[in-house]
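FYI, it's all coordinate maths here, none of it is from the lab. Predicted, not measured: the structure shown is a model, and the values here were computed from it. Cβ sites come from the backbone with ideal geometry, for glycine too, and all protein chains shown count toward neighbours.
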C-alpha cells in the first residue's frame, strides 16, 4: 500500500509538468542543470553527471535530455552551450548575463520590457498587477494606494508583482573585464574602475575589491556573481 502511494505522488508530480502517466516516473529533481557539448549535466553527490531522463529544476522548469526546456508548460526553449539554470530559476550564460526563466518585467535603458517564454518586447501600455498596482512603459509604478514609485534600471518583477532578486556579474573574457550591471553590459578599459550595486569596486585590470577591503584578481573565464540593484518597496 505504501509503495502505491509513492507511485501516485510521483505520477502527480509528472502530470503537473504536463507529462503522460508513462513519463511521470522518469523525472529527476536537480539543484541545477548545465548544457555542455550537447549534453545536459546536473550535480549528483558532488559530481556533474549526464542526464538520462527529464529533469525538474527550480519551480515548474522541466528540462529534457536534448537541452530543450519549458517553464510552467510554456513554449519549448533551447539551452545554449554553457548555459545553466539554477535552483532559483535564474539562467546564467557564458557572457555573464543572469536572467529569470519565468515570465517577468524588466526595466532596461529607462523602458520596461515584458519577457514571456524568453522573448522580450517593449511594454506598449500600462501593465496591471494582481494587487491593483500598474506599471507604465517608462517604469513608473502607481500603487493601489495612489503612491507613485519608479522601477530602477535592471529591476525585475514577476507578473504577479513579486520582486526577483537581481544578480550582477563580473567576468574576464579574453583578457577583457565585462560587467553586467543595472540590466546592461559594460566593458572596462585598463585604468577604469566601477562601483557595483553592493559596493564592490572592479578595475579594468581584473582587480576586484569587496566592500570589506578584500582584494582578488579575476581569472580568465571566471564569472563572479554579486547582489544587484535592490528593488524599492512597493
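How long is the gain from residue 49 to residue 142 if the chain were fully straight, where each residue apart is worth 0.36 nm and the alpha carbon distance is subtracted? Numbers along the way, then the final one.
Details: separation 93, 0.36 × 93 = 33.48 nm, distance 4.76 nm.
That works out to 28.7 nm of additional length.
Using only Cα atoms, find the angle between the long axis of helix 2-16 and the longest principal axis of the chain, and express it within 0 to 90 degrees, rounded to the nearest 10.
Here the helix axis deviates by roughly 50 degrees.
Over the chain, calculate the relative contact order: mean separation of alpha carbon pairs under 8 Å at least 6 apart, over the residue count, as a percent. Before the final figure, lay out the partial values.
Values: 500 pairs, mean separation 26.0, N = 234.
For the chain, the relative contact order is 11 percent.
Say each of residue 81 and residue 212 gets a label point 7 Å from the Cα, pointing the same way as Cα to Cβ; how far apart are those two points in nm?
That separation, rounded to one decimal, is 3.8 nm.
Return an integer: the convex hull volume of the alpha-carbon atoms of segment 104-164, in Å³ per residue. Show your work: numbers first, answer last.
Details: hull volume 4.5 nm³, N = 61.
With only Cα atoms used, segment 104-164 gives 74 Å³ per residue.
Would you mind calculating the relative contact order of segment 167-227 from Cα pairs under 8 angstrom and at least 6 residues apart, reporting the percent as a whole number? Kindly include the intermediate steps, with their values, before the conclusion.
Details: 123 pairs, mean separation 22.5, N = 61.
Over segment 167-227, the number comes to 37 percent.
Given a Förster radius of 25 Å and the C-beta distance between residue 117 and residue 162 as r, what FRET efficiency does 1/(1 + (r/R0)^6) yield to the nearest 0.05?
0.85
If each DSSP helix of 4+ residues adds -39,500 (n - 2.57) and the sum is divided by the residues in the chain, what number results at 222 nm, nearest 500 deg cm²/dmol?
Taking each H run of at least 4 residues, the total per residue is -2500 deg cm²/dmol.
When all C-alpha to C-alpha distances in segment 167-227 are sorted into bins of 5 Å, what percent of pairs does each bin hold, rounded to whole numbers?
4, 21, 36, 28, 10, 1
Determine the shape class of the chain: with a ≥ b ≥ c the square roots of the Cα gyration tensor eigenvalues, call it rounded for a/c under 1.5, and otherwise prolate if a/b is greater than b/c, oblate otherwise.
oblate
Counting only C-alpha contacts under 8 Å and six or more residues apart, can you give the relative contact order of segment 35-76 as a whole percent? Intermediate results must be reported in sequence, preceding the final value.
On the way: 54 pairs, mean separation 12.3, N = 42.
Relative contact order for segment 35-76 comes out at 29 percent.
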